[in-house]
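The values are calculated or read from the model by the stated rules, or taken from the named source; none is laboratory data. Since we're looking at a predicted model, the values are computed, not measured. For neighbour counting, all protein chains shown are included, and Cβ atoms are generated from backbone atoms with ideal geometry for every residue, glycine included.
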Amino acid sequence: MPIWAADGPWPSWARAGNPCRIWGRKISSKSLATRKVIIRTLKLFLLGLLLQGGYFHGRNQLTYGVDVGKIRWLGVLQRISIGYFLASISEIWLVSNLLVDSTMAFVRKYYIQWTMAILLCALYMCMVYGLYVPDWEYRAVRMSFSSNQSSLQNVSCCD
């Protein structure tokens, strides 16, 4: 499994409590909180594009610019930013201001978020099991001290 440049900053963005630091606080201005969430989401998404998206080519391919053919639009950091955006926006705009003093009050306060989470999971499952993925192939290069060997590998997705 290859190690990507984004594997370094990944733990710092995913620490418990760091992406969710607005949760559990009183939000004074929903529009200001939304603006902060959007800015942070864009920063994380663009960082993922920079680190995994074709800007850094191989050691032997010293070219300049973006290789659009190799850009990785939905890498790990980009997916984290999308999840952070959805969770934060639902926390800012969909939670009622009820005082939680019992189990039923907790359910009443967060029922819209649970509904949204279930719908997103259902959409995800429909996409995973419903979209057609064609078979594809790639060239695997094995580098050794004596020679560089390559072989064509077939990936069968519809068995």
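Considering region 83-102 alone, what residues qualify as being polar (S, T, N, Q) and farther than 16 Å from Ile27 by Cβ? So that I can check it myself, show each step before the final result.
Restricting attention to region 83-102, the residues satisfying the condition of being polar (S, T, N, Q) are 88, 90, 96-97, 102.
Listed by number, the list holds a single entry, Ser102.
Residue-level analysis places Val100 outside the set of residues that are surrounded by 12 or more Cβ atoms within 10 Å (Cβ to Cβ), under 24 Å from the mean Cα position of the chain (by Cα), outside any helix (DSSP H, G or I) and aliphatic (A, V, I, L, M).
Looking across Ile71, Ile112, Ile80, one residue alone is surrounded by 13 or more Cβ atoms within 10 Å (Cβ to Cβ), assigned to a loop (DSSP other than H, G, I, E, B) and either among the β-branched types (Val, Ile, Thr) or at pLDDT 75 or above (or both). It is Ile71.
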